[in-house]
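The structure appears below as structure tokens.
Here, each number is a calculation from the coordinates, and none is a lab measurement. The structure displayed is predicted, hence computed values, not measured ones. For neighbour counting, all protein chains shown are included, and Cβ atoms are generated from backbone atoms with ideal geometry for every residue, glycine included.
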Amino acid sequence: MLIAGAALPPPLVGPKSAAEFRLNCTRQSFITSATNFPAFLPKEIDSITDPFARKLASRIERVPVDLSLSKARVMSSCIKPKAQLDTVPLVLLHGFDSSCFEWRYGLPLLEDAGFEVWAVDVLGWGFSDLEKLPSCSVASKRDHLYQFWSSYIKRPMILVGPSLGAAVAIDFAVNHPEAVDKLILIDASVYAEGTGNLATLPKVMAYAGVYLLKSLPLRLYATLLAFNTLTWDACYDWAKIGRLHCLLPWWADATVDFMTSGGYNVSARIGEVKQKTLIIWGENDQIIDYKLAVRLYSEIPNAMIRQIPECGHIPHIEKPAAVSKLIAEFVRAESKVCMVA
């Protein structure tokens, strides 16, 4: 049952880092059989060793979403909550050219803390069925998220956006404020002016760039850059996880369509965000300068900011317990409502 003003449940605790997650899982022999993976995932999922990624893979499903702009139905990939509760739902997005696998460590912690948690693949990325490719422009991504929300969530949500997912979240919140109760932005990439010159590239050059983006060497480099400290074994496995969605046959077309559409440019609308906002930032982010975190904090009228020490650009993977604790404290402090047995 729900009780307002009740004593808060015990603080969310867990391994401080992803490395501890992996070690604890190994100790517990926590492995999901490949036979439990959805058939639509690329066969390369079998080679992934990260036990939390394997566990999350078994929960990915596709649900129908009717797009209003493209007049098309997309079987959209997501992770549904284990139970729908009488609380404000958390809806987890992901960054540029990524998937819900970003939340393989954080999602279980948030569920264990008593939240209703959804993870949604942004249109054009992730594991949705895009054989009949709709537009993957910003407007189409916004429409997809709205139609998903109106079909399945149906009440104001706490929208969590990491990296470029923060631009997705801000764009959605200012266009559909009725759907967003609060925002949580993690190492937000919100000051880029769209895809820049990439939008004017000839198609042949755009496809060449996209296929480079898919390459394992580039993914390895990006993975090393994104995290503060990482062993080679973890880097290799995480790079494979990060490019798994790129192996779907329509990925290149969807990514080129997004690039040539112009991409996200939300900097002029940040001041329109009316929702209470939590900004989380990794202290050692080598991709986006902390000065932009301070700028974002100053431009959102109702914001608070928290920094995670010894952490790179993707805190919800590198320091999942710290991120989940901040999210839990933010939500509980605002709602004054908690779950008790």
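Quick one: putting +1 on the C-beta of Lys and Arg, -1 on the C-beta of Asp and Glu, what dipole do you get for the chain around its Cα centre, in Debye to the nearest 20?
So the dipole magnitude of the chain works out to roughly 360 debye.
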Simple Cβ-charge dipole of region 177-221, Lys/Arg +1 and Asp/Glu -1, about Cα centre, in debye nearest 20: 340 debye
Inter-site label distance for S150 and Y297 at 7 Å from Cα along Cβ, in nm: 3.7 nm
In nm, give the distance between the simple-model label positions of D129 and K71, each being 7 Å from the Cα along the Cα-to-Cβ direction. 2.2 nm
What is the distance in Å between the Cα centroid of region 92-115 and that of region 201-280? 17 Å
Normalised contact order of the chain, rounded percent, pairs of Cα under 8 Å and 6 or more residues apart: 23 percent
For region 99-199, which trypsin sites (Lys or Arg not before Pro) are both in a DSSP coil and crowded by at most 16 other Cβ atoms within 10 Å? K132, K154
So if a site counts as exposed when it's one of the GluC sites (Glu not before Pro), its DSSP state isn't H, G, I, E or B, and it has at most 14 other Cβ atoms within 10 Å, what's the longest stretch of the chain without one? 1-130
Projected onto the charge dipole of region 160-249 (unit charges on the beta-carbon of Lys, Arg, Asp and Glu, signs +1, +1, -1, -1), the Cα from G161, Y207, N175 with the largest positive-side position is that of Y207
Too-long pairs where the Cα-Cα distance tops 19 Å, listed order kept, from K203/K240; K55/K154; K82/K154; K55/K80; K43/K240; K276/K319: K203/K240; K55/K154; K276/K319
Cα lying deepest toward the dipole's positive end in region 208-341, options T229, Y290, A303, charges on Cβ: A303
For region 35-125, what does the alpha-carbon gyration tensor say about shape, rounded, prolate or oblate, given a ≥ b ≥ c as the root eigenvalues, a/c under 1.5 as rounded, and a/b over b/c as prolate? oblate
First obtain the Kirkwood hydrodynamic radius of the chain from its Cα pairs, then insert it into the Stokes-Einstein equation at 20 °C and 1.002 mPa s, and state the resulting D in µm² per second as a whole number. 106 µm²/s
With +1 on each Lys and Arg Cβ and -1 on each Asp and Glu Cβ, how big is the dipole of region 121-261 about its Cα centre, in debye rounded to the nearest 20? 80 debye
